[in-house]
Structure formats: C-alpha cells, structure tokens
Amino acid sequence: MAKVIKVEQRLQDPPQFFIFPADEAVVAGIPFMLGLLSKQAFVGVGLGIVFFLLWKRVKGERGLSGLLALLYWIIPKEVTIFRSFPDSAVSQWRA
C-alpha cells in the first residue's frame, strides 16, 4: 500500500486564523477586544467591522505582499526601515 500524505494548504498561502487571513483577523480583533474590555461590545464590534472592511479595501486583490511591494516603490529609501535594499527611485542601472 502506498502511503498518502495530504497537504492542507499551499506554501504561498497566508497564515489563517479560523477562516480569516491572520492580518485581517488582527485588524478586526483588536477593536473588538478593546470594546469588550471597556464594556462597550457593540462599539467594538462596529469598529472591528469597519476596520476589517477598510483593511480589505486598502489591501486590495493583490494581498499583503502586493501592498508591501507598492509601499517599496512609493516610499523613499531614507524613510523606510529597509535601507539595505536597492533604491527604488533609480532610473538607470549600470553593470
């Protein structure tokens, strides 16, 4: 008999928290938890939903990696934490 190994997800899939991607769960979960801790659950749920929808809108179809790539090309090198990366504003490369 052949041994069957089942792989649940692909390697490039983002980490999941239940059915949500981890970044979306964090964006929605923080206002929700703060609302519960301050005894204003409805406000926390409302803000969690609003932040979740805003984050999905900002992130777009390309996902978190697409958003990070966009930020790399837009933000100047002096402002980012990735100063060791090549400058994205160079218009001509010499070999």
Margin query: Quick test for you: out of 71, 67, 53, pick the one residue that is modelled with pLDDT under 80 and under 21 Å from the mean Cα position of the chain (by Cα).
Written below: 71
Item checked: residue 55 in a helix (DSSP H, G or I), surrounded by fewer than 11 Cβ atoms within 10 Å (Cβ to Cβ) and not β-branched (Val, Ile, Thr) -> no
Note to self: Based on this model, can you work out whether residue 42 counts as out of contact with any strand residue (DSSP E or B) (no Cβ under 6 Å at 6 or more places or on another chain), part of a helix (DSSP H, G or I) and without any contact (Cβ under 8 Å) to a residue 24 or more places away in the chain?
What the structure shows: yes
Notebook entry, point to check: In the range 58-73, what count of residues is obtained for those that are assigned to a helix (DSSP H, G or I) and among the basic types (Lys, Arg)?
Noted result: 1
Item checked: Check on residue 88, open to solvent by less than 100 Å² (accessible area, probe 1.4 Å), at pLDDT below 80 and assigned to a loop (DSSP other than H, G, I, E, B) -> yes
Check: Can you tell me which residues in the range 11-20 are within 20 Å of residue 70 (Cα to Cα) and surrounded by 12 or more Cβ atoms within 10 Å (Cβ to Cβ)?
Finding: 14
Next item on the list: Specify which of the listed residues (47, 37, 64, 68) is open to solvent by 100 Å² or more (accessible area, probe 1.4 Å), under 21 Å from residue 20 (Cα atoms) and among the aliphatic types (A, V, I, L, M).
Entry: 68
Check: Out of curiosity, is residue 41 under 14 Å from the mean Cα position of the chain (by Cα) and aliphatic (A, V, I, L, M)?
Finding: no
Notebook entry, point to check: Just checking, how many residues over the range 21-34 are more than 13 Å from the chain's Cα centre (by Cα) and open to solvent by 40 Å² or more (accessible area, probe 1.4 Å)?
Noted result: 4
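The values are calculated or read from the model by the stated rules, or taken from the named source; none is laboratory data. Just so we're clear, the structure is a prediction, and the values are computed from it rather than from any experiment. Neighbour counts run over all protein chains shown; Cβ positions are idealised from the backbone, glycine included. Ligands, DNA and RNA are stripped out before the accessible areas are found, and what is left, the full protein with its side chains, is counted by its heavy atoms. Shrake-Rupley method; radii C 1.70, N 1.55, O 1.52, S 1.80 Å.
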